[in-house]
Structure formats: C-alpha cells, structure tokens
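Notes follow once the structure below has been shown.
Rule-based calculations on the coordinates, nothing more; no lab input. No experiment lies behind these values; they were computed from the predicted model shown. Cβ placement follows ideal geometry from the backbone for every residue including glycine, while neighbour counts extend to all protein chains displayed.
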Amino acid sequence: MAAAPKSAFSRMLDLPFAVAVALTVAFYLFVTSDTMKGSMLYRYTTEHLMEYVIVAFFIWGLSDVFFRALTFPREFLALRQEFLPRRTGREPASQAAMLTAYLKKKPQWLQESKLGQRLSHALSHLQEKGSADGFGDYLQSLADQDYEKVQGNYGLVRFICWVTPMFGFLGTVVHFGTALGGQEAGDISDKLPTVVAEMGTAFNTTTVALTAATTMMFALFLCERSERGIVDEVDRRAERELLNRFEATDANLAPFINALQLANESSLQTMDATISRQLEIWSSAFHAYQAQSEKQQQWQADVWVEALQKIEHQVETNDAERDKRLVRLLDSLELHRTEHRTQMQSTVDQVARLQTEFVRLVESLTSVIHGKDELVELQATLTDNLRILRETQQIDQALHGLTAAIHLMTARNQPSSSKELRAA
C-alpha cells in the first residue's frame with residue numbers, strides 16, 4: 001500500500017532538531033549576555049557542560065512536542081467535515097471505486113488528515129480485494145497501526161524524558177569527582193569552600209535535569225492524550241462511514257459474481273437498445289397524433305368562430321328588437337303619466353269641492369249645537385209631563401200632545417235638514 005505523499009507542512013515536522021539547535025543557540029546567546037550574568041537562570045544553565053546538554057535536549061523535546069501539537073487543529077477541523085456521501089443501504093464492494101473518486105475530490109489537507117488516510121486505505125483495500133469479507137478486521141488493523149504510530153511519534157520525547165535525569169546524575173557525579181579528585185585527607189579542610197561550591201554545582205545539575213524531565217513528561221502526557229483522542233474519534237468515524245456499509249461476499253464467489261455482473265450488464269444493454277427503439281416508435285406515433293390533434297383543434301376553432309359569429313349576429317338582432325320595445329314602453333309610460341296627471345287634477349278638484357261641503361256641514365252642526373239648550377229644556381219639560389201623566393193616568397192625552405210637539409219640532413228643523421241634504 002503506497003503511503004500518501006507528504007505536504008509542505010508535513011515536511012516541516014521533520015525539522016524539530018534544526019529548530020531546537022537554533023533555539024538553543026539563541027537561548028545561550030541571551031543567557032550569556034551581560035544583563036543575565038549572575039542571575040539564577042545563568043547559574044543553573046551555564047556552570048557545567050552537562051547543563052548545556054540538558055538544556056539542548058529539553059529544547060529539542062519541546063520542539064518535537066510543539067510540532068506534533070501543530071497538527072491537532074487540522075485534525076479536529078477534519079473530523080467536522082463530511083468525507084463520504086450518506087449511505088442508503090448495503091452497497092456492493094465495487095462501489096468503493098466511486099467512493100475513492102469522491103474522496104479524491106476533497107481538498108489536499110483533508111486527504112492528508114488521519115481520517116482521510118484511514119478512509120483512503122480502507123477503500124483501496126476494498127478495491128484490491130473486490131469483497132467486503134473480513135473488512136471489519138482490516139479496519140481494526142488500521143486502528144492498531146494508528147495507535148502504534150502515536151506511540152512511535154513520541155519515542156524521541158520519551159527517550160529525552162528518560163535520559164535527562166541520567167545526564168543530571170552524571171553531572172552530579174562528575175562534579176563530585178572534580179571536587180574530590182586529587183585531594184588528600186589533610187588538604188580537604190583547607191579546600192572545603194571549593195569542595196562545597198563544586199558539590200552545589202553538582203546538585204544544581206540534578207535539579208535542572210529533573211525539572212526539564214518533569215516538564216517534558218507533562219507536555220508529553222497532554223500531547224499524547226490529545227492525539228489518542230483524535231485517533232479514537234477517527235476510529236468511530238471510520239466505523240460509522242464504512243463498517244457494515246458494503247455487502248460481504250465470499251472471495252471464491254467473486255469470479256462467478258463478476259460473470260453474472262457481466263451477463264447482467266449485457267442484458268441491460270440489450271434492454272436499453274430495445275427501450276430506445278420503442279421510444280423512437282412512440283415518439284413518431286406521438287408526433288403523428290400531435291399533428292392530427294392540431295388539425296382537429298384548428299377545425300374545432302373554425303367551428304367555434306362560426307358559431308360565435310352567429311351568436312353575435314343574433315345578439316345584435318335581439319338588441320335592436322329590445323331597443324324598439326323599450327321605445328314603445330317609454331311612449332306607453334308617457335301616455336299613462338299624462339292620463340294619471342289628468343286624473344290627479346280631477347281628484348284635486350273633487351277634494352276641493354268636498355272640502356267646501358265639509359265646511360257647510362260644520363256650520364250645520366254648529367247650529368245644531370246652539371239648539372242644544374232648547375232641547376235640554378224641552379227634555380226637562382217632557383220629563384215633568386211624563387211624571388204628571390203617570391200620576392194622573394192621562395196617557396192618551398199626553399201621547400197626542402207629544403205627537404203634536406214632535407210635528408212642531410220637525411217643522412221648525414225642516415229648513416236645516418234640507419240644507420244638509422243639498423250639501424251631501
């Protein structure tokens with residue numbers, strides 16, 4: 001399996017040693033300057049050769065960890081991207097070629113990410129084998145290889161973390177040897193300040209080594225843990241994208257399946273040719289039907305135009321007849337209005353005459369009301385007479401007298417009655 005070509009950024013990861021050398025030189029140029037002499041940093045990093053070695057190894061290890069950490073943002077961003085189209089069901093293993101072509105259309109930095117390389121290697125395996133049999137085991141082997149790469153990526157840092165304390169102990173031993181070497185028992189008391197100074201330098205070397213080792217181990221822990229998390233997420237994404245996506249078939253059946261596939265392709269080509277001929281026949285029939293339909297539509301349009309012309313002529317005739325009827329109706333209405341006006345005038349005249357007769361009637365009623373007092377007196381007299389008659393039992397004479405009185409009143413009221421009759 002061919003490895004993916006390295007990009008310019010990947011080639012930069014092979015330069016941690018050169019960067020460490022440059023940083024070490026810059027560090028000691030800064031520390032050995034006049035402003036830093038006598039400082040604690042100067043005392044702990046420049047008093048012995050082993051301190052130079054420890055500082056150089058420390059910067060080298062941190063440079064390697066830093067370059068490794070620079071790849072993490074790209075990996076986290078790649079894990080948020082969609083590499084393959086969503087699955088719609090089980091797919092044949094031959095679909096791996098299409099997925100590989102789809103993956104190669106992605107940007108170069110996505111293809112060089114851990115997930116991109118994992119998917120690319122898995123699809124290449126499917127293309128070479130032609131079957132998804134044992135594909136889960138192959139994905140697991142790719143995951144194991146990535147974990148081994150993670151372990152190998154930090155081999156240099158682990159070596160520096162292990163060897164740095166040894167350098168500190170070696171510097172301590174060398175300082176002790178330098179302090180005590182060539183000294184006699186009698187001279188030790190005279191050179192005790194020098195011996196104590198050398199012993200202090202020896203312990204400083206150990207202190208620097210342990211500090212550098214502890215710092216690098218912490219950086220190694222953080223960086224390795226982050227990369228392991230990336231690899232775990234790559235495993236989950238690869239399983240979700242590829243595991244159980246392809247149909248698993250026995251490799252021994254692959255030749256028969258290929259032959260069957262070729263036969264199916266030949267049948268499909270024959271069916272395509274037949275369908276094409278049938279479509280041509282249908283197309284010609286459709287064009288003929290369309291031409292016939294256009295002719296029929298044109299004939300129907302002519303018929304409709306003729307019918308509309310007849311309807312329009314009939315409507316115009318009806319409109320003229322209606323106008324004539326409307327004129328006759330208006331003339332009749334004018335005649336009736338004139339007659340009605342004449343009748344109304346006669347009615348007004350009759351109402352005026354009736355009003356005059358009502359005035360006369362009112363005057364007659366007024367004269368009758370004026371004779372009311374005489375009638376009341378007459379009624380009282382009649383009442384007295386009737387009482388007297390009832391007491392004297394002379395009813396016949398009273399009746400004759402009453403009849404005479406009635407004739408007298410009738411004679412007196414005769415002119416007024418004749419006037420009322422004439423008014424009516």
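Here are some notes:
- Alpha-carbon centroid distance for the pair segment 203-249 / segment 313-331, whole angstrom: 103
- For Gln269 and Ser293, a Förster radius of 35 Å and the Cβ-Cβ distance give a FRET efficiency of 0.50, rounded to the nearest 0.05.
- Loop-resident GluC sites (Glu not before Pro) (DSSP state other than H, G, I, E or B) in segment 81-174 with no more than 15 further Cβ atoms inside 10 Å of their Cβ: Glu82.
- Between Thr317 and Glu280, the C-beta separation translates, for a Förster distance of 51 Å, into a calculated FRET efficiency of about 0.35.
- Segment His340-Arg87, length gained on full extension (0.36 nm per residue, minus Cα span): 81.5 nm
- DSSP-assigned coil residues among trypsin sites (Lys or Arg not before Pro) in segment 282-359, each with at most 13 further Cβ atoms within 10 Å: none
- Counted residue by residue at 0.36 nm each, then reduced by the alpha carbon distance between them, the extension gain from Gln300 to Leu49 reaches 79.2 nm.
- Taken along the Cα-to-beta-carbon direction at a fixed 7 Å, the label points for Leu399 and Met98 span 14.0 nm.
- Remark: segment 336-345, residue by residue, has Karplus-estimated 3J(HN,Hα) of 4, 5, 5, 4, 4, 5, 4, 5, 4, 5 Hz, where x stands for each Gly or Pro and the curve is 6.51 cos²θ - 1.76 cosθ + 1.60 at θ = phi - 60°.
- Shape of segment 250-356 from the C-alpha gyration tensor: oblate (a/c of 1.5 or more and a/b not above b/c, with a ≥ b ≥ c the square roots of its eigenvalues).
- Full-stretch length increase - Thr410, Ser39 - with 0.36 nm per residue and alpha-carbon distance subtracted: 116.9 nm
- Applying 1/(1 + (r/R0)^6) with r as the Cβ-Cβ distance of Glu239 and Glu148 and R0 = 25 angstrom yields a FRET efficiency of 0.85.
- Distant-in-sequence amide contacts of Glu91, defined by a placed amide H-H separation under 5 Å and a gap of 5 or more residues or a different chain, comprise Phe246, Glu247.
- Karplus-based coupling profile of segment 218-229, in residue order and whole Hz: 5, 5, 4, 4, 5, 5, 5, 5, 5, 5, 5, x, with θ = phi - 60° in 6.51 cos²θ - 1.76 cosθ + 1.60 and x standing for Gly or Pro.
- Taking other Cβ atoms within 10 Å as a rough exposure proxy, Leu399, Leu110 sort from fewest to most as Leu399, Leu110.
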